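K.L.:
Got a structure here, written out as structure tokens. Questions coming.
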Amino acid sequence: MSNSSRVLSGLTLCLLLGGAGFGHAQTPAALPKQLLLDVKQQAALGVQVATVQAASAAQLLASAQVSTLPGKDVTVSAPYPGQLSRLWVGVGDRVKAGAPLAQFTSPQLAEARRQWQEAKLELKNADSALQRDQAMLDEGIIPAVRVQITRTKQEAAQALVQAREAELRAAGIGANPDHDKATMGYASGSLTAPIAGVVTQAFADVGQRVEPGAVLFKLADDSSLQLDIQLASDKAAQLQVGDAVAVPSREALAKLVGVSRAVDASQLAKARAVVTQPGRLQVGEVVTITVQAKIPASTSALRWLLPARALTPWNNQSLVFVRQSTGFTAHPVRVLSSNDDLALVEANWPAHSQVAISGIAALRALLQKDE
């Protein structure tokens, strides 16, 4: 900003405050500097304040995404080319393990069931042949080798039946078509939920034709949650397994169970925490967390949590306007960590101090005019 623009900005603020209704205390060039403003002048500038919160010596800020534990989210896909004939659940519905999700119709399902039925008939014949040959062996009519050959055939028929059943089971559709024949048809079956949980996504509509392997539903068991944390590598170096994690906005608690020292392409490290108190967490949301690291403080300065919008850059440092009885004092602070919502800073302030969270531009203009 040019000097002429700075002057015009200062004159505009003077008119807004009613001329000579405000002043600046005589302070040295170094910060902090006091801006003398009464209540009416603060209201005219749109200044609002928030009370800072005391932070522990080794508290760190980070962002995390809420997810389920490994293996607690599953995908239900189309086992054969076909179509959905009917839907029984939608996004957000809770289901039990084995509950029907949709009616699936496919000619290949009918063929798979036919092959399974044929395998059962072959096994039935093989069982009868084995019983007959065993009886003839007991009477000494046939040699033992013939019974052995018959038993081998019976075991092969039994293995084929088990393979056909496994195919239908892997498809997520019941192997027994008796109920489906009466209600849906021989080529139709129910896609069932492999786990108990909530339906998080549904990708197909009734009548839509799908290819084998197409994703139809996603389910998540949200009874147990975890936090997938991304943070700078210098922060990750301060964390240890067992550190306490809090999510104040959701009244939730967690415990750190893993920290990766490796960084990804964005130069961020990852950590994982298991939720011990879920509070109001929801799967998929991104939350602000505080980690209680087990390291001592690097300095003797006090640490505070405050809204991130209270910070403003000034002469290659971060500045906060702290409320006083006669106005505001501009205090430089050391920012330890921050995100979109909160910032953790070091500063020697009294407890229950209040900082400006709006009208920052106007306060900066007054500070700049003084210089």
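We did not get these values from a lab; they are worked out from the coordinates using the rules stated. Predicted model, so just to flag it, every value in this text is computed and none were measured. Using ideal geometry, Cβ is built from the backbone for each residue, glycine included, and neighbour counts are taken over all protein chains shown.
K.L.:
Using 0.36 nm per residue of separation minus the Cα-Cα distance, give me the extension gain between residue 223 and residue 146 in nm, one decimal. List each step's numbers first, then the result.
P.N.:
Values: separation 77, 0.36 × 77 = 27.72 nm, distance 5.77 nm.
Residue separation times 0.36 nm, minus the Cα-Cα distance, leaves 21.9 nm.
K.L.:
Compare the peptides 343-353, 122-132 by average per-residue count of other Cβ atoms within 10 angstrom and give them in order, highest first. Don't skip to the answer; put the middle values down first.
P.N.:
On the way: 343-353: 16.8, 122-132: 15.2.
Packing proxy ranking, top to bottom: 343-353, 122-132.
K.L.:
Which whole number in µm²/s is D for the range 75-220 by Stokes-Einstein, with the Kirkwood Rh taken over Cα pairs at 4 °C and 1.567 mPa s?
P.N.:
Numbers: Rh = 17.2 Å.
Translational D for this selection: 75 µm²/s.
K.L.:
How about the range 136-169: which GluC sites (Glu not before Pro) there are in a DSSP loop, with at most 14 other Cβ atoms within 10 Å of their Cβ? Present the calculation step by step, with values, prior to reporting the outcome.
P.N.:
Values: sites: 139, 155, 165, 167; in loops: 139.
Answer in residue order: 139.
K.L.:
Continuing with the same structure: Let me check I have the definition right: for the range 205-364, take the eigenvalues of the Cα gyration tensor, multiply each by 5, take square roots. What are those semi-axes in whole Å, largest first? Can you show the working numbers first?
P.N.:
Numbers: eigenvalues 291, 84, 51 Å².
Equivalent ellipsoid of the range 205-364: 38, 20, 16 Å, largest first.
K.L.:
What's the center-to-center distance, using Cα atoms, between the range 300-370 and the range 36-51 in Å?
P.N.:
Using only Cα atoms to place each centre, the spacing works out to 15 Å.
K.L.:
Rounded to whole Å, give me the distance from the Cα center of the range 250-295 to that of the range 78-122.
P.N.:
Measuring centre to centre over Cα atoms gives 39 Å.
K.L.:
Kindly state, to the nearest 0.05, the FRET efficiency for residue 257 paired with residue 200, given R0 = 22 Å and r defined as their beta-carbon distance. Spell out each step's value before the answer.
P.N.:
Working: r = 23 Å, r/R0 = 1.05.
Using R0 = 22 Å, I get an efficiency of 0.45.
K.L.:
Could you work out how much longer the chain between residue 315 and residue 65 gets when fully extended? Use 0.36 nm per residue separation minus the Cα distance between them, nm to one decimal.
P.N.:
Values: separation 250, 0.36 × 250 = 90.00 nm, distance 3.47 nm.
Net length gain for the segment: 86.5 nm.
K.L.:
Nearest 0.05, what FRET efficiency do residue 335 and residue 166 give at R0 = 45 Å with Cβ-Cβ as r?
P.N.:
Values: r = 59 Å, r/R0 = 1.31.
It comes out at approximately 0.15.
K.L.:
Right, something else. With each pseudo-label sitting 7 Å past Cα toward Cβ, what's the residue 50-residue 234 distance in nm, one decimal?
P.N.:
2.4
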